[in-house]
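To keep things clear, I will list the structure first and then write my remarks on it.
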Amino acid sequence: MERKTPSNTHKVLLLLGVSVMGVLCVAIGLLPAYHLGEAGSRHLFWFQLISIASVLGIGGLLLYEERQVRSLRKQLAKKAEELKKSEERYRSLIESTEDFIFTVDESGRFQSLNNFTASFFGGTPSQFLGRPLSLLFSEGVATQQLKLIRMVFEFGKSVRDEFMVKTGEHYTWLSANLMPLKDERERVISVLCIARDITEHKKLESQLVNTEKLASMGTLAAGVAHELNNPLGVMLGFTDLLLEKFDKGSQDYEDLKTIERHSLHCKHVVENLLSFARQGEGESECCDINAAVDEIVRAVEHSLEMDHVELRIELASGLPRVKGDLRQMQQVFLNLINNAAAAMKGGGVLEMKTALDAGQGKVRVTVRDNGHGIKEEHLENIFDPFFTTKSEGEGTGLGL
């Protein structure tokens with residue numbers, strides 16, 4: 001009998017779409033054909049059919065999985081794009097704000113900072129990365145901020161602080177909030193600092209305090225005026241009566257004049273205190289500026305000479321009269337002269353000049369000395385009530 005050997009391998013090629021998803025090889029070459037018979041052929045047919053169905057099932061599953069992967073990739077790409085846009089939006093927000101925003105490590109070295117912070121201190125962000133706080137802040141401020149940064153790292157809680165920084169000759173008050181940045185394990189990895197310029201707020205605070213001081217002084221001055229002016233008036237009245245009973249040149253007369261002089265001085269002190277407290281308009285009149293300056297100069301020239309201060313006076317002729325309170329103007333001149341003399345310990349030169357500023361229709365009075373001058377950082381405060389650079393007990397800060 002002739003043997004018919006079936007093909008060694010039946011191959012089922014599975015094509016899904018344009019991709020070859022799998023090949024199923026069924027090896028039956030080892031079985032003689034006569035062993036198969038009719039029943040064996042049926043069995044082989046069903047085996048092949050089941051194999052093809054299995055391949056189709058696996059292929060369908062793989063196709064489903066591939067479609068799922070593609071869908072997930074699209075979603076991931078979309079989320080990445082959204083995240084990128086969100087990051088750009090927040091970065092734009094940080095870079096456009098006029099707040100100081102930066103992050104530092106536990107040693108106080110900059111990890112990042114926005115453009116506003118860098119430009120405020122005269123640089124670019126890359127110039128400050130990895131550099132210490134002391135590069136931008138004074139030693140005292142840097143030390144204090146480093147203590148707060150280490151507290152945030154240790155306790156993981158936000159802290160607030162106010163401090164002053166200097167750029168050139170300009171001082172700026174900052175209110176800072178230091179917040180912890182944590183990883184997935186809740187460990188602090190850096191500190192975020194957001195600070196805001198509160199210089200104007202500090203000035204308003206100071207003005208409010210000064211206003212309250214002046215209000216309190218007004219109350220005090222009213223009481224002082226009531227308690228002192230009445231007895232001073234009685235003293236001066238009786239002194240005047242007693243002066244009529246004694247001859248000029250006698251010892252009694254001179255003693256009474258001394259009492260009168262000191263009583264008038266006390267009355268003048270009370271009036272000055274009231275004028276500072278009330279901040280009123282005063283009595284306006286037409287004044288001769290040259291005469292006002294000359295009167296003050298004659299009153300202080302002896303004391304200036306004793307302090308070795310050379311006085312140089314230049315009074316312009318033909319000045320028009322000006323409208324104002326003569327006594328208040330003379331008080332200002334006197335305060336300026338006293339301040340100048342105090343700045344020239346050991347002697348110096350004091351100049352007073354009057355001139356007509358025809359362009360502005362005003363009379364100008366100039367007081368100039370060659371003393372140590374006023375520090376630039378104090379110039380903006382010289383007209384603030386109670387501001388003084390003198391030692392305690394030497395000045396009230398009310399002169400100007």
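We did not get these values from a lab; they are worked out from the coordinates using the rules stated. Computed from a predicted model, the values in this text were never measured in an experiment. Positions of Cβ are generated from backbone atoms using ideal geometry, with glycine treated the same way; all protein chains shown enter the neighbour counts.
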Practice item. Using only alpha carbon pairs under 8 Å that are at least six residues apart, calculate the relative contact order of the stretch 199-280 and give it in whole percent. Key: 42 percent
Check your understanding: Straight-line reach from LYS84: which lysines have a Cα under 20 Å away, not including same-chain ones fewer than 8 places off?
Key -> LYS74
Study note, to complete from the structure: Hits in the stretch 150-192: amide N under 11 Å from the 7 Å Cα→Cβ extension of GLU106, namely 150-151, 153-155, 188-190
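Less than 15 Å Cβ to Cβ from GLY130, Lys/Arg counted +1 and Asp/Glu -1: what total charge do the surrounding residues give? Walk me through the intermediate numbers first.
On the way: positive: ARG109, ARG131; negative: ASP105, GLU106.
Once positives and negatives cancel, what remains is 0.
Round to the nearest 0.05 the FRET efficiency obtained for THR211 and THR172 when R0 = 22 Å and r is the Cβ-Cβ distance.
Values: r = 24 Å, r/R0 = 1.08.
Calculated value: 0.40.
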Practice item. Might you report the magnitude of the Cβ-based charge dipole of the stretch 100-180 about its Cα centre, with Lys and Arg at +1 and Asp and Glu at -1, to the nearest 20 debye? Key: 80 debye
Check your understanding: What is the fewest-to-most order of CYS266, CYS287 by other Cβ atoms lying within 10 Å of their Cβ?
Key -> CYS266, CYS287
Review point. To the nearest 0.05, what FRET efficiency results for GLN360 and MET306 with a Förster distance of 45 Å applied to their C-beta separation?
Key: 0.75
Review point. How many nm is it between the label spots at VAL159 and VAL234, if each spot is 7 Å from the Cα in line with the beta carbon?
Key: 6.2 nm
**Study point:** Spin-label pair GLU65/ARG131, simplified geometry with 7 Å Cα→Cβ offset, distance in nm
**Key:** 5.6 nm
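Among GLU205, GLU186, which comes first, then next, by fewest other beta-carbon atoms within 10 Å?
Working: GLU205 12, GLU186 8.
In order of increasing Cβ crowding within 10 Å: GLU186, GLU205.
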